[in-house]
Amino acid sequence: MNDTLPITLQVNGHAHAIRVEPRKTLSDALRIDCGLTGTNVGCEHGVCGACTVLLDGAPVRSCLMFAVQAQGRALRTVEGLAQGGNLAPLQQAFIDHHALQCGFCTSGFLMLATGMLERNPTIDDASLREVLASNLCRCTGYQNILRAVAHTRDALRAGTVKNVDGAQATATSQVSR
Amino acid sequence: MKAGAFSWHPAHTLDEAVTLLAEYAPHDGRVIAGGQSLIPSMALRVAFPAHRVDINGVDELARVIVDGDDLVIGACVRHAAFHVPVEPGPLGRLLTQVVHDIAHDPIRQRGTFCGSLANADPASEWCLVAATLGARMVARSIRGARTIEAADWFQGIMSTALAEDELLAEVRLPRLAGDARAGFYEFSRRAGDYALAMALVAYRDDHGTLRDVRIGTGGVEVQPRRIAQAEAMLEGRALSEEAIAKAAAAVSAAVDPLEDVHTDATYRRSLIGTAVRRAFAQAAA
Ligand SMILES: Cc1cc2nc3c(=O)[nH]c(=O)nc-3n(C[C@H](O)[C@H](O)[C@H](O)COP(=O)(O)OP(=O)(O)OC[C@H]3O[C@@H](n4cnc5c(N)ncnc54)[C@H](O)[C@@H]3O)c2cc1C
Ligand code: FES
Ligand code: FES
C-alpha cells in the first residue's frame with residue numbers, strides 16, 4: 001500500500017517525471033518532488049487557499065487533490081507567472097497596491113485571481129469580491145488585494161495590458177532590482 | 001496533517017467503476033469523486049480508507065442532461081457546472097442561485113453534486129434541493145441499478161440508503177413547472193461556511209392562489225426535509241405576508257434543531273422561521 005507510482009506532472013509547460021505514493025497531495029508533490037516551493041501550504045484541509053494552483057485553467061486547492069489525479073492535466077503555479085524577466089501585470093499590481101505583507105497567502109491569491117480574470121476579464125466588483133473571499137489573508141485586511149486585482153481587471157479592459165500572466169507584459173512591469 | 005496510505009484504483013468507465021467497487025468495498029474501499037469532503041477528512045485522519053475507487057476519469061458520468069421532466073446530473077458533474085443555468089426554466093435559475101452558497105469557487109471546480117448527496121452533510125445545499133424537490137437517486141452496482149426516493153435516501157447525519165458497493169451514478173431532479181417560483185435563503189456566519197439554517201421554497205401562483213407548495217429546511221436538523229404541516233397551511237390559499245408568517249412559525253415549531261457550541265436550539269428554531277420568510281420573499285421578487 002505504501003508503493004510509489006511513476007507519474008508525470010506538466011507544470012508551467014515543463015514535464016516533471018516523479019514517483020509518489022497515492023496519498024501524496026498535489027501540493028506536496030509540487031513542493032517536494034518538483035521543487036516548486038512557491039505554492040504554499042497552510043491548513044492542508046481546504047480552508048485557507050494558500051495552495052491554490054491552476055488545473056487546466058481553473059483555480060483549485062492543491063491540498064485537496066492527490067498528485068496521481070493530476071496526470072495529463074496542465075498545471076500552473078506562481079513560478080509560471082513572470083515570463084522573460086517580466087513580472088506579470090497582476091504581480092506588479094500586488095506590489096503597487098501593497099497587496100501583501102508577510103506574503104504567505106500571496107501565491108494562492110495570485111493564482112486564484114489569474115484563473116478568475118482569464119475566465120472572465122470583465123468580472124463585476126461583486127463577483128470579484130465573492131471569488132477573492134475564497135482565500136484567507138491574516139495580514140492585509142483584503143482591501144489592497146481587492147484593489148490590485150480590480151486594477152488589473154481595469155487595465156485588461158482598457159487594453160493597457162494584454163494578459164493576466166507575464167506573457168507580453170508591458171515595459172512598466174520589468175522586475176526591479 | 002497527511003492522509004494515511006491507500007491503494008488507488010482509477011476507473012475509466014461506469015462498468016469498471018462498479019466492478020472495482022464490488023471488489024474493494026468489502027475491504028474498506030470507497031469512491032473518491034471531487035475529494036472536497038473526503039480529502040479533508042483523510043487529512044484530519046477522520047477517514048483512512050484502504051482503497052479508493054477514483055471516478056474522475058469516467059467521462060460518461062460528467063454529463064448533465066434534460067430528459068423529459070427530469071434534469072439528470074451524472075456523478076462527475078462539478079458544482080461549478082451550475083454557475084450558469086443548466087436548464088432554461090426556473091430550476092436552472094434556482095440551481096445557479098444556490099451554487100454560490102456552496103463553499104468557494106476553487107472548491108466548486110472539483111466538488112460534485114452527487115458527492116454532496118452521498119456525503120449527506122445536514123447543511124449541504126444540494127441535499128436540501130434534492131429533499132425539497134423530490135429528487136430520485138440512481139444507485140449502480142454489479143447487482144444492477146435501483147432508484148431511491150429522496151424521502152428514503154437520507155438516514156441521519158452523513159448517512160444514506162446507499163450500500164457500500166453501490167455508486168451513486170446519477171441524481172434525477174424533477175424540473176419545476178414553467179410558471180413555478182422558487183426562493184432560497186441561507187444564513188452562515190462567514191461566506192463559504194456551512195449554513196446554520198437554510199430554507200428552500202417553491203410554488204405556483206395560480207391567479208393569486210398558491211399551488212404545489214414545497215417548503216424544505218436544511219442545516220437545522222440531522223437531515224433536510226419538507227415540512228408538510230407548513231405546506232398544508234399555504235396550499236390553495238392566497239399569498240399574503242400573514243399566511244407566510246404563520247407557515248414560518250409552523251416550521252419553527254416543527255423542527256428538532258441540532259445544537260453546537262455556537263448555536264443553541266432556540267436560536268436555530270428562530271433562524272429557520274426567518275429563513276423561510278426570506279425564501280418566500282425572494283421567490284416573489
Ligand atoms: C472549505 C470547504 C467548505 C465547504 N463548504 C461547503 C458548503 O458550504 N456546502 C456544501 O454542501 N459543501 C461544502 N463543502 C463540501 C463540498 O461541497 C464537497 O464537494 C461535497 O461535500 C462532496 O463532494 P465531492 O465530490 O467532493 O465528494 P468526495 O469528497 O469525493 O466524497 C465525499 C463522500 O461521498 C462518497 N461519494 C462521493 N461521490 C460518490 C458517488 N458518486 N457514489 C458513492 N459515493 C460517493 C465518498 O466515498 C465520500 O465518502 C466544503 C468543502 C470545503 C473544503
Ligand atoms: S493548504 Fe490548501 S487550502 Fe489551506
Ligand atoms: S500577506 Fe500575510 S497572510 Fe496575506
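The values are calculated or read from the model by the stated rules, or taken from the named source; none is laboratory data. In this text the structure is predicted, and so the values were computed from the model without any measurement. Glycine also receives a Cβ, built like all others from the backbone with ideal geometry; neighbour counts cover every protein chain displayed. The accessibility values were calculated without ligands, DNA or RNA, using every heavy atom of the protein model including side chains. Shrake-Rupley method; radii C 1.70, N 1.55, O 1.52, S 1.80 Å.
Considering (1) free of Cβ contacts under 8 Å to residues at least 24 places away in the same chain; (2) within 11 Å of chain B (Cβ to nearest Cβ); (3) away from ligand 1 (no atom under 16 Å from the Cβ), the lone condition that A:GLY35 does not fulfil carries the number (2).
For region B:94-177, the strands (runs of 3 or more DSSP E) that sit wholly inside it and include 2 or more residues that are surrounded by 19 or more Cβ atoms within 10 Å (Cβ to Cβ) and of a type outside the set (Asp, Glu) are B:136-141, B:167-174. Look at A:GLY57 and say whether it is away from ligand 1 (no atom under 16 Å from the Cβ) and open to solvent by 10 Å² or more (accessible area, probe 1.4 Å). When the stated conditions are applied, A:GLY57 passes them. Applying the condition of being among the hydrophobic types (A, V, I, L, M, F, W, C) and over 17 Å from B:GLY111 (Cα atoms) to region A:38-54 and asking which residue is farthest from ligand 1 (Cβ to nearest atom) yields A:VAL41.
Considering only region B:97-115, state which residues are among the β-branched types (Val, Ile, Thr) and within 7 Å of another protein chain (Cβ to nearest Cβ). Walk me through it before giving the result.
Step one: of region B:97-115, the residues among the β-branched types (Val, Ile, Thr) are B:98-99, B:102, B:107, B:112.
Listed by number, the list holds a single entry, B:ILE107.
Screening B:ARG30, B:ARG78, B:ARG108 for residues that are more than 16 Å from ligand 2 (Cβ to nearest atom) and either assigned by TED's automatic domain parsing to the domain that holds B:GLU149 or among the aromatic types (Phe, Trp, Tyr) (or both) leaves exactly one candidate, B:ARG78. Taken over region B:1-58, the residue count meeting the criterion of being open to solvent by less than 20 Å² (accessible area, probe 1.4 Å) and basic (Lys, Arg) is 1. Evaluating B:ALA284 against the criteria (1) at pLDDT below 95; (2) surrounded by 22 or more Cβ atoms within 10 Å (Cβ to Cβ); (3) not hydroxyl-bearing (Ser, Thr, Tyr) leaves one unmet condition, (2). Can we say B:THR112 is among the polar types (S, T, N, Q), near ligand 1 (Cβ under 9 Å from one of its atoms) and in contact (Cβ under 8 Å) with a residue 24 or more places away in the chain? It is true that B:THR112 is among the polar types (S, T, N, Q), near ligand 1 (Cβ under 9 Å from one of its atoms) and in contact (Cβ under 8 Å) with a residue 24 or more places away in the chain. Here A:GLY72, A:GLY46, A:GLY85, A:GLY80 are screened, and the one residue that is open to solvent by less than 30 Å² (accessible area, probe 1.4 Å) and either more than 14 Å from chain B (Cβ to nearest Cβ) or out of contact with any helix residue (DSSP H, G or I) (no Cβ under 8 Å at 6 or more places or on another chain) (or both) is A:GLY80. The C-beta contact set for region B:155-178 (first residue touching a residue at least 60 places away in the same chain (Cβ under 8 Å), second residue open to solvent by 50 Å² or more (accessible area, probe 1.4 Å) and hydroxyl-bearing (Ser, Thr, Tyr), distance under 9 angstrom, 6+ apart or interchain) comprises B:ARG172/B:THR147.
The criterion of at least 2 residues that are facing chain A (nearest Cβ under 9 Å) is met, among strands (runs of 3 or more DSSP E) falling completely within region B:31-76, by B:51-54. For region A:136-166, which residues satisfy the criterion of being among the β-branched types (Val, Ile, Thr) and part of a loop (DSSP other than H, G, I, E, B)? Result: A:THR140, A:THR160, A:VAL161, A:VAL164.
Can you find a residue that is within 16 Å of ligand 2 (Cβ to nearest atom) and over 26 Å from B:ALA145 (Cβ atoms) anywhere in region B:81-101? No, region B:81-101 has no match at all.
Here is the figure for region A:3-24: residues that are at the interface with chain B (Cβ under 10 Å from one of its Cβ atoms) and open to solvent by 20 Å² or more (accessible area, probe 1.4 Å) total 5.
Do we find that B:ASP101 is touching a helix residue (DSSP H, G or I) at 6+ places or on another chain (Cβ under 6 Å), near ligand 1 (Cβ under 10 Å from one of its atoms) and acidic (Asp, Glu) in this structure? Spelling it out, B:ASP101 is indeed touching a helix residue (DSSP H, G or I) at 6+ places or on another chain (Cβ under 6 Å), near ligand 1 (Cβ under 10 Å from one of its atoms) and acidic (Asp, Glu).
Sort out which residues of region A:121-135 are in a loop (DSSP other than H, G, I, E, B) and either surrounded by fewer than 16 Cβ atoms within 10 Å (Cβ to Cβ) or within 9 Å of another protein chain (Cβ to nearest Cβ) (or both), and write them in order of number. Break it down stepwise before answering.
Going residue by residue through region A:121-135, those that are in a loop (DSSP other than H, G, I, E, B) are A:121-124, A:133-135.
Correct list: A:PRO121, A:THR122, A:ASP124, A:ALA133, A:SER134, A:ASN135.
Restricted to region B:215-285, the set of helices (runs of 4 or more DSSP H) holding at least 3 residues that are more than 27 Å from B:LEU117 (Cβ to Cβ) and among the charged types (D, E, K, R) comprises B:241-254.
Condition (residue is in contact with a Gly (Cβ under 8 Å, 6 or more places away or on another chain) and either aliphatic (A, V, I, L, M) or within 16 Å of ligand 2 (Cβ to nearest atom) (or both)) applied to region A:84-97: is it met by at least one residue? Yes - at least one qualifying residue is present in region A:84-97.
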